[in-house]
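Written out below as structure tokens is the structure these notes cover.
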Amino acid sequence: MANLKDIKNRIQSVESTKKITRAMKMVAAAKVKRAENSVKASRPFTAELNSMFANLLGAVGTVANPNLKIKSAIDNYPCLLKTRPVDEAGILVITSNKGLAGAYNANIIRKTVKLIEEYSKQGIKSKLFVVGQKGISVLKKRCKNLNCEIVGEYLNVANDPTPTGASLITEDITKYFVEEKIDRIEIVTTRFKNMMSYFVEDWVVLPVQKPEQEAQKIDPLMEFEPNRETILQRVVPMYITNIIYQALLEAQASELASRMTAMSAATSNAEKMLNELSVQYNKTRQFAITQEIIEVISGANAH
């Protein structure tokens, strides 16, 4: 039977752990509400942008104006709309910088590895753009045995998703795509459902997919200045950047919800363990006292 000192040390250790998990739960609960509000606020804009993009793409198509000025890869919308055979695939993986979020990061990495293996079977190499320290550290090790390499690392956007951070990622992946270093880019992220659940999903970003629904016809009386192609050149980068920004927001909300749930379960387990240790401590203490009494009585009877 364990002695009283060992049990007491374990009780103190579990109490310290409980304080940490409870604090982390409270912090995650405070943050997840803000993240949830951000996700819900951005979804209508994303839906409207997708609808506008569908209408515009349906009217203009992939025709480029010969006088179109292209300063960077993200402005080259004719190339971003072009579909070509896939020899190398790009995967944007969105994980977190911190752990203790249950199976959140493990689920995303598992989905990523499965996608890499599927591409590898087709003879396609994967190039990874990884958001979050957890994904970077794990995938660096996994890529040694898989047909892939990490070509982009992003840490700051994992903690604080912003349109600026999404734009930086967009510029990188579009440059790789336009330079034909990759022929496809997709995002492995999570879609936030509620405080208790999320879904790991795979979103195709490049080449830009024509929306499945039939595009509405643009009012023939509507005029475009300076022209339709120039407007499409502005909308395509906005469309791609918004997809990435939405993915970052969904991932952050999912991560915080997962951490809150995990820390809540850890706190409950700590409380359960403390109750069990308290019972064990009392039993051990009672046994020790009884043993001492028996020894005193035995000594007195011997005299």
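The values are calculated or read from the model by the stated rules, or taken from the named source; none is laboratory data. What you see is a predicted model, and the numbers here were worked out from it, not measured in a lab. Every residue, glycine as well, gets a Cβ built from its backbone with ideal geometry; the counts of neighbours run over all protein chains shown.
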Condition broken by LYS125, with the remaining ones in (1) closer than 29 Å to LYS71 by Cβ; (2) modelled with pLDDT of 90 or more; (3) not hydrophobic (A, V, I, L, M, F, W, C) satisfied: (1)
All positions within the stretch 30-53 that are over 23 Å from ILE169 (Cα atoms) and either in contact with a Pro (Cβ under 9 Å, 6 or more places away or on another chain) or at pLDDT below 75 (or both): SER51
Failed item, numbered, when ARG191 is tested on (1) closer than 17 Å to ASN105 by Cα; (2) in a helix (DSSP H, G or I): (2)
Which listed residue, of ALA103, ALA158, is crowded, with 20+ Cβ neighbours inside 10 Å, of a type outside the set (Asp, Glu), under 27 Å from THR261 (Cα atoms) and modelled with pLDDT under 90: ALA158
Top-ranked residue in the stretch 128-144 [being surrounded by fewer than 20 Cβ atoms within 10 Å (Cβ to Cβ) and outside any helix (DSSP H, G or I); ranked as farthest from the chain's Cα centre (by Cα)]: LYS144
Failed criterion for PRO85 (all others in (1) under 21 Å from the mean Cα position of the chain (by Cα); (2) at pLDDT 85 or above; (3) farther than 15 Å from CYS148 by Cβ hold): (1)
Unique match (being over 30 Å from ASN105 (Cα atoms) and either surrounded by fewer than 12 Cβ atoms within 10 Å (Cβ to Cβ) or at pLDDT 80 or above (or both)) among GLU212, GLU229: GLU212
Residues that are of a type in the set (Ser, Thr, Tyr) and either in contact (Cβ under 8 Å) with a residue 60 or more places away in the chain or under 23 Å from VAL113 (Cα atoms) (or both), drawn from the stretch 163-193: SER167, THR170, THR174, TYR176, THR189, THR190
